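Below: the structure, in structure tokens.
The values are calculated or read from the model by the stated rules, or taken from the named source; none is laboratory data. All figures in this text were calculated on a predicted structure; none of them were measured in a lab. Don't worry about glycine lacking a Cβ; one is built from the backbone with ideal geometry, like all the others, and counts go over all protein chains shown. With ligands, DNA and RNA removed, areas are computed over all heavy atoms of the protein, side chains included. Shrake-Rupley method; radii C 1.70, N 1.55, O 1.52, S 1.80 Å.
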Amino acid sequence: MKRHIQGLHEADRSAPDEVPDGLFLVWVQRAQYRWHAQKPYYILRFSILEPKHLAGRSIAGRIYCTARAMWKLSWFLRDFGYDTELLGRDEIDDKGLIGLRGVVKISHVVRHGIRILNLDGFAPASQWEELSAALPADVGRSEVA
């Protein structure tokens, strides 16, 4: 017997506590380098500052440190205001990443049945007002809430 249950396919799209896709003003709460033979990476935990209705929530994502992905790591460091002197010497101080602020664009994808958060883009914190002005007022609000 087949049953039609309205909304069933949408139930697993996002958990109630999951942050939706979009732009967020964040600060770096934690940064940890993880060595992997083929793909070393930084795992970053951000705390959301804006939009206000999501303030205090955390998101975590990876930035890979491979030769092909170095552009993204550099983009993140530059836009979040990392120490230019250390950057010029190709050095990253993990503790120096804590507290950095900036804008991050995130999206979620499913790979091999696992939901993954992508860090799609970065911008300096000073651009938050300009970038957020273009966002709809209800971004990130659940239809249920």
**Study point:** Cβ-Cβ under 9 Å pairs, at least 6 apart or on other chains, region 69-89 side among the aliphatic types (A, V, I, L, M), far side surrounded by fewer than 15 Cβ atoms within 10 Å (Cβ to Cβ) and not in a helix (DSSP H, G or I)
**Key:** Ala69/Lys39; Leu86/Asp93
Check your understanding: What pairs can you find where one residue is in region 16-29 and under 15 Å from Val109 (Cβ atoms), the other is among the small types (Gly, Ala, Ser) and modelled with pLDDT under 90, and their Cβ atoms are less than 6 Å apart, with a gap of 6+ or different chains?
Key -> Pro20/Gly140; Gly22/Gly140
**Study point:** Selected residue (criterion: modelled with the highest pLDDT) from residues of region 103-144 that are closer than 20 Å to Tyr41 by Cβ and either in a loop (DSSP other than H, G, I, E, B) or aromatic (Phe, Trp, Tyr) (or both)
**Key:** Phe122
**Study point:** Failed item, numbered, when Glu10 is tested on (1) at pLDDT 95 or above; (2) under 20 Å from Val109 (Cβ atoms); (3) over 13 Å from the mean Cα position of the chain (by Cα); (4) not β-branched (Val, Ile, Thr)
**Key:** (1)
Point to revise | Selection count where residues are open to solvent by 70 Å² or more (accessible area, probe 1.4 Å) and over 16 Å from Val28 (Cβ atoms), scope region 80-97 | key: 5
Study note, to complete from the structure: Note on region 23-79: residues farther than 15 Å from Asp120 by Cα, in a strand (DSSP E or B), of a type in the set (A, V, I, L, M) and open to solvent by less than 40 Å² (accessible area, probe 1.4 Å) are Val28, Ala31, Ile48
